[in-house]
């Protein structure tokens, strides 16, 4: 029996398992292909980290806003 016939029978008999295998295949394929493509682009430059004192001040202002609306 050809491979395609076995595959068709498997999908008809076990559709949930076949769908799970398909999702797992996509999950393995995407990181192996997409990540190197993204790394090769020029736009993937490192974003500068914010200064921690600014972040702390903004966070305390936000907390004060939610405490006293």
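Read-outs: derived from the displayed coordinates by stated rules, not from any lab. The model shown is predicted, which means the values in this text are computed figures rather than measured ones. All Cβ positions, even for glycine, are placed from backbone atoms using ideal geometry, and neighbour counts span all protein chains on display.
Annotation note: Cβ proximity below 7 Å between a residue of region 12-36 that is free of Cβ contacts under 8 Å to residues at least 12 places away in the same chain and a residue that is surrounded by 10 or more Cβ atoms within 10 Å (Cβ to Cβ) and in a helix (DSSP H, G or I) (sequence gap 6+ or interchain) occurs for 18/10; 18/11.
Total residues in region 7-22 satisfying the condition of being surrounded by 10 or more Cβ atoms within 10 Å (Cβ to Cβ), assigned to a helix (DSSP H, G or I) and out of contact with any helix residue (DSSP H, G or I) (no Cβ under 7 Å at 6 or more places or on another chain): the figure is 9.
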